[in-house]
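Any read-out appearing in this document is the output of simple, stated calculations on the displayed coordinates, not a laboratory observation. Keep in mind that what you see is a predicted model, and the values were worked out from it rather than measured. Cβ placement follows ideal geometry from the backbone for every residue including glycine, while neighbour counts extend to all protein chains displayed.
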Amino acid sequence: MTSVPLLDSPSPAEMSSRPGRLALSGPAVLLVAACLIVAQLVLRGWVAGAGFFYWDDFLLIGRVSSQPVLSTELLFTSHDGHVMPLAFVLTWLVTEVAPLNWTAAVLALMALQLLASLAVLRLIVVLVGVRARMLGPLAFYLFVPLTVPAFAWWSAAVNALPLQIALAWVSADAVRLVRTGRRGYAVSGAVVFAVALLFFEKSVVVLPVAFAVAVLAAHVSGGSVRAAARRGAALWTAAGAVLLAWAACFLLVIERPRGLSAPEHPGSLWSRALSDGLVPALFGGPWRWERWQPATPWADPPSVLVALSWLVLILFVAWTMRTRRRVVAVWACAAGYAVLTIAPVVLLRDGPSTAGLLLQSMRYFADFAVIATVALALIALAPGRHGPSPVIGSNEQQVLAGAPLTHARTVGGSARIEAGRDSRVRQPAGIAAIVLFLASSVYSTITFTRSWEPSPARTYVTGVRAALPGVADAPLLPQEVPWNVLNPLAFPENMTDRVFAPIATPTTFALSTPRLRMITDEGAVVDAQVWWNRAIVAGPEPRCGHRVRGTAGANLPLDGPMQIRDWTAQVNYNAERDGRIALSFEGETETIADVRAGLNTVYIRLLGGGDTLRIRSLDERQSLCIGAGPVGVTAHTR
């Protein structure tokens with residue numbers, strides 16, 4: 001049989017006869033792709049380096065530092081509605097290697113981003129082949145600002161990046177399985193799918209996305225969708241079994257997230273999600289970000305950018321439908337996924353202004369960058385309406401399998417001439433569009449980073465890290481970290497003994513101490529005192545106060561009631577011998593404290609409320625006198 005030219009790869013003679021057309025060989029295309037990935041990593045490295053641990057990061061770090069890494073209590077805990085054992089394992093690994101060290105976290109983020117970029121590159125090559133037209137979809141994924149907010153925040157990144165990796169990898173495996181029939185791709189896809197589910201429950205979308213990519217690749221190539229679905233059955237079956245096993249475990253441990261409610265204004269939320277978040281980001285927006293500490297930045301695009309983005313999107317969709325065959329299904333699936341991505345945030349994360357800001361923060365949409373990249377690659381794969389027409393003959397089996405045709409017969413010389421003319425116009429326009437997109441995206445990334453960079457947590461944690469070695473003479477009482485580091489609603493995870501567990505020694509924090517000090521909002525350790533919110537009243541025994549003999553215990557009346565919360569009691573005592581005492585609000589959990597012989601003071605952290613303290617000795621031979629003293633909050637003395 002006589003060989004005929006490739007549909008998308010004209011002969012060198014044809015290329016040289018087309019003035020103004022840029023020709024790149026396969027190695028040159030891969031070199032440009034590698035340069036783009038390196039450029040993305042450099043930019044993302046700067047973004048990550050400007051940040052620091054933030055909010056939920058301290059919850060994850062505190063948990064992995066206080067519980068065994070292989071315990072079910074850690075791995076299968078429900079974290080704000082998420083079950084993500086491998087995210088905890090990765091956090092534990094980074095914490096073990098370099099506790100509360102942001103540089104180590106940045107390196108881990110960069111490694112995940114590299115894996116995601118390589119997985120997307122593999123998917124594009126599988127769909128389009130190694131040719132210049134693959135660079136557009138690749139550049140889109142690498143630099144679209146849609147993925148930046150989720151990348152910069154550790155807690156979001158350990159969910160978002162494994163999902164992006166799995167979407168790209170499993171989809172590529174699905175296409176390769178359909179085209180080649182090799183069962184190894186089914187095994188590879190199922191394994192990656194299982195790993196992704198253990199990072200983030202939203203990875204359930206990976207299987208339907210892989211199925212859609214495989215059948216769409218066959219559809220736009222002119223093949224049989226039914227045959228593609230049938231040839232990928234090994235992957236659908238293996239991944240389906242993984243999904244069922246995971247779902248059984250997930251439903252056993254998941255807890256209802258706090259604050260779940262029905263949205264009050266769903267139409268407004270949808271509008272903000274699309275017009276202020278998703279659509280401008282697809283074209284390199286939003287250019288401008290707003291932030292109210294301690295919230296994350298959210299998109300605040302100019303009105304002109306919103307209008308221009310919608311206009312360009314509509315024109316681009318219309319143009320591709322007019323010039324490419326069989327792309328309507330591609331656009332329909334991409335739009336459906338966008339709805340699927342936005343809906344959970346609109347429906348499940350509502351609150352006064354909360355859902356709108358979450359939608360505009362865009363971290364929940366990072367995976368849509370992979371979907372949009374796939375859509376662009378499939379559109380590039382689709383044959384043009386005015387180009388050479390494929391003829392199913394010797395290549396029929398290849399088309400049914402969903403692979404691009406390798407041979408075709410032209411309809412006539414006029415079609416080839418017309419295609420050449422269109423190419424001379426489209427290629428410079430495409431290059432210009434990519435350059436404008438890259439400039440817009442880089443600008444949006446820079447403005448995001450400037451908004452994200454101010455970090456009260458960085459100042460606080462850096463100060464505490466420097467100060468802790470100087471407190472070895474007496475332990476610190478646990479206290480709440482500043483509200484702009486971690487919200488009090490996170491109690492007890494917002495206590496200093498939890499947050500700084502990775503860098504603390506066993507004696508750094510305790511519930512009692514002979515020397516009262518506290519950590520300021522700047523991270524300095526200073527001497528402190530107890531406010532007289534309430535007082536232990538003077539006891540009845542002259543020159544002693546309240547007498548405590550042996551383990552029988554005694555009541556210490558207060559001069560008024562106290563509400564339930566954390567309090568510090570200043571216990572002024574005179575003890576006959578060294579020993580230990582137990583102190584509590586009446587009926588509440590006791591706190592154990594050491595006492596020394598003679599006239600001394602011990603400061604004890606208590607949780608509870610009421611108008612009476614209960615004290616007892618743990619030594620039958622002990623006798624103490626307890627004097628008056630304050631019970632209240634702790635404040636520094638300077």
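Brief remarks on what is shown
- Of the DSSP H helices in the chain, those whose Cα atoms cover at least 24 Å axially and whose Kyte score averages -0.5 or more: 26-50, 102-128, 154-180, 233-253, 303-323, 328-348, 413-452
- Sorted by Cβ neighbour density within 10 Å, fewest at the top, the residues Ile519, Ile446: Ile446, Ile519
- Selection of chymotrypsin sites (Phe, Trp or Tyr not before Pro), region 279-376, meeting DSSP coil and at most 12 other Cβ within 10 Å: Trp292
- Orphan Cys of the chain, criterion: no other Cys C-beta under 4.7 Å: Cys35, Cys249, Cys333
- When peptides 502-509, 461-468, 168-175 are sorted by average Cβ neighbour count within 10 Å, with the highest value leading, the order is 168-175, 461-468, 502-509.
- For the chain, the relative contact order is 15 percent, taking Cα pairs closer than 8 Å that sit 6 or more residues apart in sequence and dividing their mean separation by the residue count.
- In terms of surrounding Cβ atoms within a 10 Å radius of their Cβ, Thr323, Thr513, Thr551, Thr91 rank from fewest to most as Thr551, Thr323, Thr513, Thr91.
- Each helix, a run of at least 4 DSSP H residues, gives -39500 (n - 2.57); summed and divided by the residues of the chain, these come to -16000 deg cm²/dmol at 222 nm.
- Estimated dipole of the chain in Debye, rounded to 20 [Cβ of Lys and Arg +1, of Asp and Glu -1, Cα centre]: 2720 debye
- Here Cα Rg over 2.2 N^0.38 Å was calculated from the structure, and among [x] 1.19; [y] 0.98; [z] 1.24 it sits at label [z].
- Region 482-638 shape via C-alpha gyration tensor axes, a/c threshold 1.5: prolate
- At most 16 other Cβ within 10 Å, DSSP loop - trypsin sites (Lys or Arg not before Pro), region 175-204: Arg182, Arg183
- Alpha-carbon centroids, region 588-621 and region 37-79: separation in whole Å: 38 Å
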